[in-house]
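Shown next, in structure tokens, is the structure this report addresses.
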Amino acid sequence: MNSADVTTDLQAELLSKFIPSSAATACLSESVARRFKCLPLSIEPCIASSVRTLKLAIVNYPDATLSERISRHLPMGVTAAFSTVGDTHFEEALDKCYAKELQGEPLIHRCGYRQSRTNEESAEPNRIVRLVEAVLHSACLQGASDIHISISGDCLEVRFRIDGQLGPFAKLDIDYADAVAGRIKILAELDISETRVPQDGQFNQLVEGQSIDFRVSSFPTIRGENIVIRVLGAALHQAGKINALSSDKVRQELFNSFQHPDGIFIFCGPTGSGKSTSLYALIAELDASALNIMTIEDPVEIVMPQLRQTNVDQARDFGFAEGLRAILRQDPDVILIGEVRDSPSASMMLRASMTGHRVLTTIHASDTFSAIDRLLELGVSRELLSRNLRCIVSQRLVRKVCTHCRANTTNDCVCRGSGYRGRQALMEILTITPVLAKLIRSQADKEELLQEAQVDGYETLFELAQQLTRNGVTDAGEIRRVLGSEPLSDYRQH
């Protein structure tokens, strides 16, 4: 059994934040792991065959002999891939893997609503640590974007948002409420003694061999603290995968617009529609080593090593306008503004574009034409906007029909009975042609703009959604959930 090549070294400090994978641990006995000093990180299927790959972190660089010796102890159909790591926190991580305490979903079940246990068990610190880790691990495995932890009735309810839909995951004994909230606040470096005001923080954990960022928000309620954790690993994985965003035609049109060396590129849509992920996917296509790419965000959600990224800080009067003004003195080539939300940031965005920069941003608007109106409401000149605006994208995310069950709601399917698995972006792209720019200057209404855009092949979100439905990617029910009823004819012509 051949072993895969050694991958990039794993940072030793991540091992202190290591969450074990029960599936990976099951592939390697404790005695072998300790003898060869290798830590099971994750187990991944191979698309092209039935062989699975066990990712291992190993202290000693594995030569061919050592790799072969380790591979002999793996189950049939499992091959090894190695990353080297220092021995700091290594034994601690191994102890976590092979701890005698319950881990993963068995532990969550053991801590469940009205399960019998002693008071000592409920208060055991190590159990709380393992319980929180099990929830985080399960959320990552299921592809959750958010974890909601709240007191509901006489239990502590844990819910996951998966593919945009919030659903139940587990009900825990209410006795764990304070300890679970405290453990999460410790991880996020929040004040555990303060339960009367909202707090925000974030932390990082090593899950399934990947460094995952979690952003935490605690909010006081009459029943206790409500905790919401944003899982940022999914967005990080998606960034750089522009090919997964939408159809070939839409992607090509987006790329063509993005070839301009300057101008304004806007994504609009509701919260959670994937605007930031799409912006980062576009930026990931650029040669960051040859460009000075700078961002000002609230907050930075997707960390990319070759970008210069900054958070706004309203407490210190450092908002989008102030940050953008400072960025312009940093010789940038490309600027990402997290959101244009007021007149000063809109004015600075326009100034940045006029001085020869590519500016990418988001704005809250329901569609591409409404984004133009919104900018005009913020005081942007029609003349200057028409000369500097390059492209507007209105985006939504729709769930895809599960290919394993095709809406057969069996509980053993990967979609967990929902009938959907994964999401795809609908991207309504308005490329600003010379004719459209002239219409914007002349105060044309939406109807005139739409008619001209359709001459150049413009397709609305509804038209794109109908194509996905005809191709079996999604269904009419999901389209109604995301887009509602079709707009009236005064907005859309046939």
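With the requirement that a residue be under 30 Å from Leu56 (Cβ atoms) and in a loop (DSSP other than H, G, I, E, B), what does region 164-222 give you?
Across region 164-222, the qualifying residues are Ala188, Glu208, Gly209.
Could you tell me whether region 46-62 includes any residue that is of a type in the set (A, V, I, L, M, F, W, C), surrounded by fewer than 16 Cβ atoms within 10 Å (Cβ to Cβ) and within 26 Å of Leu131 (Cβ to Cβ)?
No: zero hits.
Between a first residue in region 59-71 that is outside the structural domain of Asp87 (by TED's automatic domain parsing) and a second residue that is among the polar types (S, T, N, Q) and assigned to a loop (DSSP other than H, G, I, E, B), which pairs have beta carbons less than 8 Å apart while being 6 or more apart in sequence or on different chains?
Final answer for the pair search is none.
Looking at region 84-96, is at least one residue part of a strand (DSSP E or B) and either outside the structural domain of Arg35 (by TED's automatic domain parsing) or modelled with pLDDT of 85 or more (or both)?
yes
Looking at region 323-330, can you tell me whether even one residue there is touching a helix residue (DSSP H, G or I) at 6+ places or on another chain (Cβ under 7 Å), of a type in the set (A, V, I, L, M), surrounded by fewer than 24 Cβ atoms within 10 Å (Cβ to Cβ) and at pLDDT 90 or above?
Yes, region 323-330 contains at least one residue that is touching a helix residue (DSSP H, G or I) at 6+ places or on another chain (Cβ under 7 Å), of a type in the set (A, V, I, L, M), surrounded by fewer than 24 Cβ atoms within 10 Å (Cβ to Cβ) and at pLDDT 90 or above.
Given the criteria modelled with pLDDT under 95, touching a Ser or Thr at 6+ places or on another chain (Cβ under 9 Å) and either in a loop (DSSP other than H, G, I, E, B) or basic (Lys, Arg) (or both), does Arg390 qualify?
no
Tell me whether region 289-306 contains one or more residues that are surrounded by 15 or more Cβ atoms within 10 Å (Cβ to Cβ), at pLDDT below 90 and closer than 23 Å to Leu350 by Cα.
yes
Those residues that are of a type in the set (Ser, Thr, Tyr) and in contact (Cβ under 8 Å) with a residue 24 or more places away in the chain, I need them from region 20-57; list them, please.
Ser21, Ser22, Thr25, Ser29, Ser42, Ser50, Thr53
Given the criteria buried (at least 21 other Cβ atoms within 10 Å of the Cβ) and either at positive phi or touching a His at 6+ places or on another chain (Cβ under 6 Å) (or both), does Ile363 qualify?
no
What is the residue count in region 443-486 for residues that are at positive phi and of a type in the set (D, E, K, R)?
Count: 0.
Is it the case that Ile147 is surrounded by 14 or more Cβ atoms within 10 Å (Cβ to Cβ), part of a helix (DSSP H, G or I) and modelled with pLDDT of 90 or more?
Taking the combined requirement at face value, the residue does not satisfy it.
Of the numbered conditions (1) touching a residue at least 24 places away in the same chain (Cβ under 8 Å); (2) more than 22 Å from the chain's Cα centre (by Cα), Arg325 fails exactly one; give the number of that condition.
(1)
Results for (1) in contact with a Ser or Thr (Cβ under 8 Å, 6 or more places away or on another chain); (2) under 22 Å from Arg223 (Cα atoms); (3) β-branched (Val, Ile, Thr), shown as yes or no for each residue.
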| residue | (1), (2), (3) |
| --- | --- |
| Leu107 | no, no, no |
| Arg110 | no, no, no |
| Val129 | no, no, yes |
| Ile151 | yes, yes, yes |
| Pro168 | no, yes, no |
| Ile174 | no, yes, yes |
| Ile192 | no, yes, yes |
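Would you pick out the residues in region 11-68 that are outside any loop (DSSP other than H, G, I, E, B) and charged (D, E, K, R)?
Glu13, Lys17, Glu30, Arg34, Arg35, Glu44, Arg52, Lys55, Glu68
One line per residue, one yes/no per condition, for (1) touching a helix residue (DSSP H, G or I) at 6+ places or on another chain (Cβ under 9 Å); (2) among the small types (Gly, Ala, Ser):
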site	(1), (2)
Ala99	yes, yes
Ala134	yes, yes
Leu156	yes, no
Leu166	no, no
Leu187	yes, no
Asp191	yes, no
Val197	no, no
Gln205	yes, no
Ile212	yes, no
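Identify the residue in region 366-401 that is of a type in the set (Gly, Ala, Ser) and surrounded by fewer than 21 Cβ atoms within 10 Å (Cβ to Cβ) and, among all such residues, is farthest from Ala352 (Cα to Cα).
Looking at the filtered set, the residue picked out is Ser366.
Looking at region 335-356 only, could you name the residues that are assigned to a loop (DSSP other than H, G, I, E, B) and either within 27 Å of the chain's Cα centre (by Cα) or among the small types (Gly, Ala, Ser) (or both)?
If the condition is that a residue be assigned to a loop (DSSP other than H, G, I, E, B) and either within 27 Å of the chain's Cα centre (by Cα) or among the small types (Gly, Ala, Ser) (or both), then Gly338, Glu339, Val340, Arg341, Asp342, Gly356 are the ones that fit.
Take the residues in region 24-49 that are at pLDDT below 90 and in contact with a strand residue (DSSP E or B) (Cβ under 9 Å, 6 or more places away or on another chain), then tell me which one is nearest to Leu94 (Cα to Cα).
So the residue we want is Glu44.
The values are calculated or read from the model by the stated rules, or taken from the named source; none is laboratory data. None of the values given here were measured: they were computed from a predicted structure. Ideal geometry is used to build each Cβ from the backbone, glycine not excepted, and the neighbour counts take in all protein chains shown.
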